[in-house]
Amino acid sequence: SEIVRHVPGFTGRQWVFDAYQDWLEHHPSSRLFWIQAGPGVGKTALAAVLANNHPSAIVSAWFCRSDSIERRDTRRAIMTIALQLAVRWPDYRTRLLQAVGVSSTAPESAQLQAREALNKLNSADLFHRLIKQPMAGLIWRENKLVILIDALDEATDAEGGNPLTDLLVTDLANLPEWISFVVTSRPDPAVVNRLAGFQPFALDAEDPRNREDLSMYLQRAIAQHPELHKLPSEQQEAIQQALLTQSEGMMLYVRLALDAYDAGDLDAKGLLNTPRGLGGMYTIQFRQRFATPSMAAYDDQVKPLLRALLAARGPLPESLARKILNDDLESWQRRKDKVASYLVRNEEGLLLFHKTLAEWLQSAG
């Protein structure tokens with residue numbers, strides 16, 4: 001789902017891909033390539049494109065997400081990685097089935113027993129059973145193969161623990177030498193302190209190469225909008241420079257500004273006068289989209305749903321949201337439509353589209 005969401009229209013970041021390729025090919029003793037960047041710079045999009053475009057080396061990918069119970073769960077990450085490796089490698093799959101005590105002809109009762117036994121294991125034991133044990137003694141792979149984990153900081157729990165990072169630190173050396181990891185994260189203490197022995201590759205918002213990527217993205221976007229492309233070249237350049245400056249190097253900001261233009265919330269003049277930073281962008285979008293003479297529509301329709309989404313420990317099932325908000329089907333649809341552009345839906349329920357929006361809503365009260 002992350003690959004489908006982020007790969008189309010992706011632009012730039014060749015300098016990051018080049019650094020990854022150099023690490024992959026010329027640093028055989030390095031087991032971890034750590035991409036570190038602040039919010040809104042585009043780490044998940046980068047990870048999705050990396051996984052999509054380099055399938056020969058990247059054999060498994062897991063995308064953490066703080067507002068999803070499953071996607072911040074270390075046990076779920078281990079099981080998913082094991083499944084992906086089993087699909088790729090027949091020799092690993094054979095050893096994995098042996099490790100869990102299941103054969104291809106096992107009856108359903110045996111499968112159920114194996115599942116129950118796995119459910120009793122903690123994260124460390126599950127990692128040993130599903131990853132370390134089946135990998136021991138595998139046929140040597142000549143080239144480095146990679147497991148990718150995106151947004152490692154979003155696996156941090158309420159107490160500041162990050163068991164997924166702990167597993168990387170404690171068990172990486174126990175895996176075959178040809179297994180390595182690519183991880184992305186914010187400079188979060190729960191990750192930084194645990195990975196103190198590794199040097200991160202910093203994707204700095206102020207890096208000239210990042211600004212060049214943003215400029216390339218804007219040029220392409222303006223060319224794809226006929227009304228903007230018809231403007232005099234100096235006005236197109238002015239819009240591009242204004243958004244580059246106000247974005248503070250954040251790709252998400254640029255995307256939001258263009259989304260606001262597409263939605264009719266900003267015109268060409270508005271693109272020249274967007275507020276600075278993500279917080280400013282969210283503020284102006286909410287004022288323009290939800291402002292009414294009395295703000296009654298926002299208070300009655302939008303705010304209760306946003307509060308429910310923020311309070312949820314994971315995706316909010318729509319049936320539960322309707323029950324909480326006492327909505328019939330028609331009322332629920334009207335309420336959801338008002339917030340639609342800020343939501344994503346998966347099979348578990350509704351989520352805010354980005355962590356920075358949740359952070360802004362909580363800081364704004």
How big, in percent, is the set of alpha carbon pairs in segment 138-273 lying more than 22 Å apart?
-> 56
Would you mind checking which residues have amide H under 5 Å from PHE33's amide H? H placed 1.01 Å from N; only 5 or more apart, or other chain.
-> PHE181, VAL182, VAL183
Using a 1.4 angstrom probe with every protein chain in place, what is the largest-first accessible-area order of VAL4, VAL302?
-> VAL4, VAL302
Let me have the 222 nm mean residue ellipticity of the chain computed from DSSP H runs of 4+ only, each contributing -39500 (n - 2.57), with the sum over all residues rounded to the nearest 500.
-> -15000 deg cm²/dmol
How big is D, in µm² s⁻¹, for segment 202-320 by Stokes-Einstein at 37 °C and 0.692 mPa s if Rh is the Kirkwood radius over C-alpha pairs?
-> 204
Degrees separating the helix 14-26 axis from the principal Cα axis of the chain, which is the longest one | 10
Along each of the three principal axes of the Cα atoms of the chain, give the extent in whole Å, ordering the values from largest to smallest.
-> 66, 53, 36
Computed over segment 20-136, the distribution of all Cα-Cα distances in 10 Å bins, rounded to whole %, is 11, 34, 35, 16, 4
Taking H as built 1.01 Å from N, whose amide H comes closer than 5 Å to the amide H of LEU350, not counting residues under 5 places away?
-> LEU316, GLU318
Applied in sequence order to segment 204-214, the curve 6.51 cos²θ - 1.76 cosθ + 1.60 (Karplus, θ = phi - 60°) yields integer Hz couplings, x standing for Gly and Pro, of 7, 4, 8, 4, x, 5, 5, 5, 5, 4, 4
Which whole-Hz ³J(HN,Hα) couplings does segment 254-264 yield from phi under the Karplus relation 6.51 cos²θ - 1.76 cosθ + 1.60, θ = phi - 60°, glycine and proline marked x?
-> 4, 4, 5, 4, 5, 5, 5, 5, 4, 7, x
Give the whole-number value, in cubic angstrom per residue, of the convex hull volume spanned by the C-alpha atoms of segment 273-340.
-> 101
Taking the C-alpha atoms of segment 81-167, convex hull volume expressed per residue in Å³ | 119
About its Cα centre, how strong a charge dipole does the chain have in debye, to the nearest 20, once Lys and Arg get +1 and Asp and Glu get -1 at the Cβ?
-> 580
Carbon/sulfur fraction of accessible area - the chain, other protein chains in place, 1.4 Å, % | 52
Take the Cα atoms of segment 216-261, find their three principal axes, and give me the spread along each one in whole Å, biggest first.
-> 26, 18, 17
Non-local residues with an amide H under 5 Å from the amide H of GLY38, with H modelled 1.01 Å from N and Pro and chain starts lacking one, are ALA205
Measuring from its Cα centre, segment 181-261 shows a charge dipole (+1 at each Lys and Arg Cβ, -1 at each Asp and Glu Cβ) which, in debye to the nearest 20, is 260
Cα axis of helix 233-247 to longest principal axis of the chain: angle in degrees, 0 to 90, nearest 10?
-> 60
Rounded to whole Å², per residue accessible area for the chain with a 1.4 Å probe reads 49
Sorted peptide list for 121-134, 308-321, criterion being average Cβ within 10 angstrom, highest first = 121-134, 308-321
From the phi of every residue in segment 188-193, what ³J(HN,Hα) in whole Hz does the Karplus formula 6.51 cos²θ - 1.76 cosθ + 1.60 yield, where θ is phi - 60° and glycine or proline is x?
-> 7, x, 4, 8, 4, 5
Structure shown: which of LYS230/LYS355; LYS43/LYS144; LYS230/LYS338; LYS269/LYS338 lie over 27 Å apart, alpha-carbon to alpha-carbon?
-> LYS230/LYS355; LYS230/LYS338
Got a sec? Charge dipole of segment 145-294, +1 on Cβ for Lys and Arg, -1 for Asp and Glu; which of GLY279, LEU172, SER185 is way out at the positive end?
-> GLY279
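Determine the dipole magnitude for segment 300-365: charges of +1 sit on the beta-carbon of Lys and Arg, -1 on that of Asp and Glu, nothing else is charged, the reference point is the Cα centre, and the result goes in debye to the nearest 20.
It works out to roughly 160 debye.
The values are calculated or read from the model by the stated rules, or taken from the named source; none is laboratory data. Values in this document were obtained by computation on a predicted structure and should not be read as measured data. Heads up, the Cβs are rebuilt from the backbone with ideal geometry, glycines too, and the neighbour counts pull from every protein chain shown. Keep in mind that these areas ignore ligands, DNA and RNA; they rest on the heavy atoms of the full protein, side chains included. Shrake-Rupley method; radii C 1.70, N 1.55, O 1.52, S 1.80 Å.
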